[in-house]
Structure formats: C-alpha cells, structure tokens
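What follows is a short report on a single structure.
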2 protein chains.
Amino acid sequence: MKTCGVNRPLDQTDWRIIAALQEDGRLSFNQLGRRVNLSAPAVAERVRRLEESGVIAGYQARIDPVRAGLPLTAFVQLRCALTKCLLKTTNSDEFPEVVEVHKLSGNWCSMLKVRVASMPHLEGLLERIGTHGEMNSHVVLSTQYEGRAVEPPPTDPQLASRSEGWRR
Amino acid sequence: MKTCGVNRPLDQTDWRIIAALQEDGRLSFNQLGRRVNLSAPAVAERVRRLEESGVIAGYQARIDPVRAGLPLTAFVQLRCALTKCLLKTTNSDEFPEVVEVHKLSGNWCSMLKVRVASMPHLEGLLERIGTHGEMNSHVVLSTQYEGRAVEPPPTDPQLASRSEGWRR
DNA sequence: AATGAAATCTGTTCGTG
DNA sequence: CACGAACAGATTTCATT
C-alpha cells in the first residue's frame, strides 16, 4: 500500500503486465512471464512493486449481475444537502444495491450505480434513496461493456495543445 | 460459458463463494474451502459450475486509475441517432478512454464512463465524442467506492408489494 | 453431493552467474 | 535480470459415506 521509495513512472513492460492481469487476474508468474518476455522471478518482482505502490489495488472475480439474479442496472443522480448526503450511509449495509458512488461537479451532488433484482425492487430502493434528496434516475436497457481494461494514457504532447489556447 | 443442464438457483454456499472471490479473486480452493466450510474438491466443483454457467465471468486485477496515471473520471450522456451510435465504434481502439457503455432509457441514448489523464485529454476526448451526437458530461470530483461486491437479492416478498398496487 | 488422503503437477523462491 | 534447482503448495483423482 505504501509508495515506498521512488515512484517510477510505469514503463511499457509494466503496462503489458497490467493489461494481462486485467484480462486474467489469475495468471501465474510463469504464464505472465511468457506474455511479456520476462522470467518468472522478474515479473514477480514487478507485480510485487505494482501491488505495493497501489497501482494494482486487488484481484476480484467479475460477477455477471444478470446471471446472479440482479438483471436490472440503473444510474441515479442525487442532489442533496452535503451534511446528510448519501455518501455517509452507503458504506453500511443500508444500501447493498448501490455498487458505485461518485461525487460530481455540476448541479447534481452524486452519481450512483445500482443493481436490483426487479422493478419492484428498484421502485422500493428509489423510494428509500429519495428520502435523502432530489433524485433523477436512468434505467439501463443494455450494457455494451463494463470494466474495460484501463490503457496507458497517451504521451502525445498534442493533447495539451488540443484547445486553441488563449492569448492576450 | 454454457448453461449446461439445470440452472439451479444459487444457494447460500454459492453466495459465500461469490462474496469471497469478489474480495480476493486469487484465493486457492483450500483457502476458499476454509472460508465456506467446505473441502477443496467440493469448492472446486462449485466454482467450476459457477464459471461454466457464466455467473463468474472472469477474474481481473483491479487497477487504481489515479495511480495508473488516469486521475480524471467523467460520465458522458450521449444522445445520437441509433444508426450511427457510439456503441458500434467503442469496441475498437478509437476510444480507449471509454471504459463503460450503457444504453439508457429516457431522453439520452447512452451513458459512458471515461478515464483520462488530464483536462486537456478530457477536452479532446469530448470533442471527438461530440461529433457523434448531443452530449452532456459530468466530471467526477471524487469516488467513494466502485466495484462494490454484488450481494444476493432480497428474497423478501414485501418488495413486490412495496407499491400500493392498483385496484379498479 | 461432500469428505479425506494420496499422487501428480505446477508455481514460487533462492542462489548463482 | 536470467537461469536452474529445491522446496512448498495447489489441484485432481479416487474410494467412501
């Protein structure tokens, strides 16, 4: 967890490891080594560093919510007083359906992603959430993809000059 | 992947396995067995079935986007003609920043989650996306949590009667 | 369908170059 | 960082309940 020592920027090899482990988080160091042209001890060392520096935050099974009995997904935007904001309560067991909470800029205080078993379930959940503030919900009809692998950011310096830039 | 044979509903033990593997996707069958009070061969059999039925869709390393150099997250709502919808293009390499795409009910055609390295990066991305249709974006200030473990849906029959119910 | 034990196989780790 | 060997551990199979 600690960023012990120098925090080197991630190099190409690191990103290949990251890509591979996002595809299959159970790869052994041997298999991983073959993919990135490194020996097992070498990749083990790199993975250990990535874990220690927090770049790799953990490993988890991806559960298909539909097959797990939670076929409905919705986004809920919530505008509420900061003091009694949902953010404080969602860590607990009160809203297990809420799988994601973000604080937003703009008019809406926060963005929630929720997973429910049925329309009545969603209806009940929204009623419970609605007590915390003004609310706006969007039901997801279908999901093209989710949890797509994160890729290295562009090094392209043009990105910084994409906007026209202001001049006096 | 195939739902071969009877698709039994998930029992308590299945859900304990699912919970454990969402916490740590690299648990061995031995460790898993100790957590759910089952022998290694027994859990191996259950995990195999959960994988085959697609409940467990895969295993992946969770990457901290901030430490990976993508500190900015935003939600983008996009309204566009179905025929030239972004959905068709996002599978490719054109928009690696888009990590999530959902088709929505309501006025907006789709909901995107994007991860970028900087404000100029976001600006450029939104310009590219904007060519596909009317757009609305929300920058995430902070994320309380993400990828929270999915829990078993309530068996509570009251959920179905939460609404008053209509009568003639 | 699960247990327990045994056998095989694989991954991990350490020392050396 | 790669190589090679020794160790440790996991997965699988089988017979039994």
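Structural remarks
- Checked against (1) within 16 Å of DNA strand C (Cβ to nearest atom); (2) open to solvent by 20 Å² or more (accessible area, probe 1.4 Å); (3) modelled with pLDDT of 95 or more, residue A:119 passes all but a single condition, namely (1).
- Only residues that are aliphatic (A, V, I, L, M) and modelled with pLDDT of 95 or more were counted in region A:141-168, giving 2.
- Residue count for region A:41-55 satisfying the condition of being touching a residue at least 24 places away in the same chain (Cβ under 8 Å) and within 17 Å of residue A:24 (Cβ to Cβ): 4.
- Identity of the residue in region A:103-124, in a loop (DSSP other than H, G, I, E, B) and among the polar types (S, T, N, Q), that ends up nearest to the other protein chains (Cβ to nearest Cβ): A:105
- Test for residue B:99: is it facing another protein chain (nearest Cβ under 8 Å), under 18 Å from residue A:73 (Cβ atoms) and crowded, with 18+ Cβ neighbours inside 10 Å: yes
- Residue match in region B:5-18 (condition: in contact with a strand residue (DSSP E or B) (Cβ under 8 Å, 6 or more places away or on another chain) and either touching a residue at least 24 places away in the same chain (Cβ under 8 Å) or more than 7 Å from every other protein chain (Cβ to nearest Cβ) (or both)): yes
- Selection of region A:130-145 for residues being more than 14 Å from residue B:102 (Cβ to Cβ) and under 22 Å from the mean Cα position of the chain (by Cα) yields only A:136.
The values are calculated or read from the model by the stated rules, or taken from the named source; none is laboratory data. Please read all numbers here as calculations on a predicted model, not as lab measurements. As a convention, Cβ positions derive from the backbone with ideal geometry for all residues, glycine included, and neighbour counts pool all protein chains shown. Keep in mind that these areas ignore ligands, DNA and RNA; they rest on the heavy atoms of the full protein, side chains included. Shrake-Rupley method; radii C 1.70, N 1.55, O 1.52, S 1.80 Å.
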